[in-house]
Amino acid sequence: MSPFVLAAYSLDLPHYACARLRLLEPARALGGRVELRWAAASDGDNYAIDARAMEGAHAVLFQRLFPNARTWPLVEQALASGLPVLYEMDDHILDTPRDHPMREALERIAPHVRRLLSKADLTVTTTPELRRILAPLARRVAVVPNFLPEALWDAPAPARSGPVRVLYAGSPTHREDLELAVPALEQARRRHGDRVEFVFMGCAPRGFEGLALPFQDGYAPYARALREARPDIALAPLADNPFNRCKSAVKWLEYSAAGAAGIYADLPPYARVRHGVTGIKAGQDPAAWTSALESLLADPALRRSLAENAAREARNAWGLARGAALFLDAWQGARRERA
């Protein structure tokens, strides 16, 4: 059987997390069942977009921030081609927080995002919450959650001893989210001293700026660095706003694969986390984060239990080998809808 040919247009570089998690790794896991044509090359500043990638394709996919004033003629070309058109959207980019560093840029492309939502045969997104938001704007919306690419996360992490290591990993866009955890981190530093070690990959909270490690924009180096950090405890705070409510559970997948016991915001992205079994949930009161962190610092057996349960569930239930077929079904679903 000949492969399903998908022409993919994205302004995310191929080594970025969204490109890897949503397109490249699923296509790789599907093997010869899919031919993914990556149709936008970049040197980091300029893009070369290949309209010819559509020729002979079964469907065309536009990802995330691709629709804008400059790229819209190509979007129109795809819409007029007779090919099924998909739009891949994993963030609520139509409602970004006021302090988000990309807010102005996202507001500029919002009209084009709305137009593509209304015209694409299928919008593919990551969470039920984002589907609920987009459903009134789009012709049809399918949810395909993020899965863990085993090839990037299955390498054994090195053994480690020493202080209890508390980690946060995320881009610099998350400083406001981290405010929830600042009192917990400050108390841990005061109470436990050198028995606790803090690692902040990409973004450090107020008062801990000197501990920030550079942000890894490549997903494979990020996965390797997180595995090698061997965190005992990992934090995933989120401020409660519409943008964050539409996020996915990707941090739970990553922290679990890295062997950490996680503390997660008690919001829709982490609905799958079973409190006290595969993680700890904490609400919007900073005192809840302090209590959760202290409970894990004081109880090595609980840390091990949470970490082992989460790692097993992430790999067994949320590995890409299990979930890749859902991507193919969605990509082919747009073609079936056209037919």
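Projected onto its three principal axes, the C-alpha set of the range 62-218 covers 63, 37, 28 Å, listed from the longest axis down. Here the residues CYS246, CYS203, ranked from fewest to most Cβ neighbours within 10 Å of their Cβ, fall in the order CYS203, CYS246. Counting only Cα atoms, the range 145-214 measures 39, 31, 22 Å along its principal axes, largest extent leading.
Using 0.36 nm per residue, how much length does the chain from ARG175 to ALA321 gain when fully extended, once their Cα-Cα distance is taken away?
Numbers: separation 146, 0.36 × 146 = 52.56 nm, distance 3.35 nm.
Separation in residues times 0.36 nm, less the Cα-Cα distance, equals 49.2 nm.
Compared with the rule-of-thumb size 2.2 N^0.38 Å for a compact globular protein, the range 151-318 has a Cα radius of gyration ratio of 0.94.
For ASP329 and GLU228 in the same chain, what is the full-extension length gain: residue separation times 0.36 nm, less their Cα-Cα distance, in nm? Walk me through the numbers before you get to the answer.
Numbers: separation 101, 0.36 × 101 = 36.36 nm, distance 3.47 nm.
Extra length from ASP329 to GLU228 when fully extended: 32.9 nm.
For the range 237-339, the alpha-carbon radius of gyration amounts to 1.29 times the rule-of-thumb value 2.2 N^0.38 Å expected for a compact globular protein.
The VAL277 and LEU213 beta-carbon pair, evaluated with R₀ = 35 Å, returns a calculated FRET efficiency of approximately 0.70.
Give, as a single signed number, the net charge of other residues whose beta carbon lies under 10 Å from the beta carbon of THR126, with Lys and Arg counted +1 and Asp and Glu -1.
Details: positive: ARG22, ARG131, LYS247; negative: GLU88, ASP90, ASP91, GLU129.
Computed value for this residue: -1.
Across the range 73-89, computed HN-Hα scalar couplings (Karplus, 6.51 cos²θ - 1.76 cosθ + 1.60, θ = phi - 60°) run x, 6, 4, 4, 4, 5, 5, 8, 6, x, 7, x, 10, 10, 10, 9, 9 Hz from first to last residue, x flagging Gly and Pro. Each Lys or Arg adds one and each Asp or Glu subtracts one; over the other residues with Cβ under 15 Å from the Cβ of ASP285, this totals -4. Sequentially through the range 47-52, phi angles give Karplus couplings (6.51, -1.76, 1.60; θ = phi - 60°) of 10, 10, 9, 9, 5, 5 Hz, Gly and Pro residues having no value and appearing as x.
Using the empirical formula 2.2 N^0.38 Å as the baseline, the Cα radius of gyration of the chain reaches a ratio of 1.02.
Per-residue ellipticity at 222 nm for the chain, helices alone: DSSP H runs ≥ 4 residues times -39500 (n - 2.57), over residue total, nearest 500 deg cm²/dmol? List each step's numbers first, then the result.
On the way: 13 runs with 132 residues, N = 339.
One gets -11500 deg cm²/dmol as the mean residue ellipticity at 222 nm.
Where a Cα-Cα gap under 17 Å defines reach, which lysines qualify for LYS281, not counting those fewer than 8 residues away within the same chain? Partners found: LYS247, LYS251.
Each part reduced to its alpha carbon centroid, the range 38-83 and the range 137-167 end up 29 Å apart.
Here, each number is a calculation from the coordinates, and none is a lab measurement. Computed from a predicted structure; not experimentally measured. Don't worry about glycine lacking a Cβ; one is built from the backbone with ideal geometry, like all the others, and counts go over all protein chains shown.
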